[in-house]
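Chemist: Before I ask anything, let me first share the structure, which is written out below as structure tokens.
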Amino acid sequence: MNRRSFFKLSWGTVGVGALVSALGVSFAAILRFLKPNVFYEPPQAFKIGTPGDFPFGAPTFLVEEKIFIFRDREKGFSAASAVCTHLGCTVAHFQSDQKFHCPCHGSVFGADGAAQHGPAPRALDWFEVTLARDGQLRVDKDKVVPSSYRLMV
Ligand code: FES
């Protein structure tokens, strides 16, 4: 093999290698493009326990779900969102005035969740509460209901 044919062969090999590499990277990029980015959220419908798990009177706050569960002797169960409609802070429920107070910017929501004071643009959401076949209460945060909605058990 003379010098000229050696360089011809070397550059040819380098060229083919570069082409194969470029095709491989392109193919990988296409495969990545075909696989969508997915945001995994916790399920919006979940069981929270049996009716007997919840006391009458003061609402039970479920921290992870960010909801208040109310149990009333005459009216039944209801579930209110604890997410402030202003910028999403977690509101607190005060038994003293039966209202929800947001610690971030001072919004106040009435007992029915209606925005009464502060920058919150709308009322708190209320979610559907149903009784599952296994006797547990089930809350569906995808189903917003009027504040008057109650589940009688
Ligand atoms: S986040 Fe509740 S008042 Fe701003």
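The values are calculated or read from the model by the stated rules, or taken from the named source; none is laboratory data. Just so it is clear, the model here is predicted, and its values are computed rather than measured. Positions of Cβ are generated from backbone atoms using ideal geometry, with glycine treated the same way; all protein chains shown enter the neighbour counts.
Chemist: I need the full set of residues from segment 94-134 which are outside any loop (DSSP other than H, G, I, E, B) and within 14 Å of the ligand (Cβ to nearest atom), in order please.
Modeler: Lys99, Phe100, His101, Val108, Phe109, Ala115, Gln116, His117
Chemist: Being touching a residue at least 40 places away in the same chain (Cβ under 8 Å) and part of a strand (DSSP E or B) is the requirement here; does Val144 meet it?
Modeler: It is false that Val144 is touching a residue at least 40 places away in the same chain (Cβ under 8 Å) and part of a strand (DSSP E or B).
Chemist: Inspect segment 63-86 for any residue being assigned to a loop (DSSP other than H, G, I, E, B), modelled with pLDDT of 95 or more, of a type in the set (S, T, N, Q) and under 16 Å from the mean Cα position of the chain (by Cα) and give the result as yes or no.
Modeler: Yes, because at least one residue in segment 63-86 is assigned to a loop (DSSP other than H, G, I, E, B), modelled with pLDDT of 95 or more, of a type in the set (S, T, N, Q) and under 16 Å from the mean Cα position of the chain (by Cα).
Chemist: Inspect all residues belonging to segment 53-60 and state whether any of them is over 20 Å from Gln116 (Cα atoms) and either among the aliphatic types (A, V, I, L, M) or within 16 Å of the ligand (Cβ to nearest atom) (or both).
Modeler: Yes, segment 53-60 has at least one match.
Chemist: Which of the residues belonging to segment 61-92 are within 16 Å of the ligand (Cβ to nearest atom) and more than 19 Å from Tyr149 (Cα to Cα)?
Modeler: Listed by number, the residues that qualify are Cys84, Thr85, His86, Leu87, Gly88, Cys89, Thr90, Val91, Ala92.
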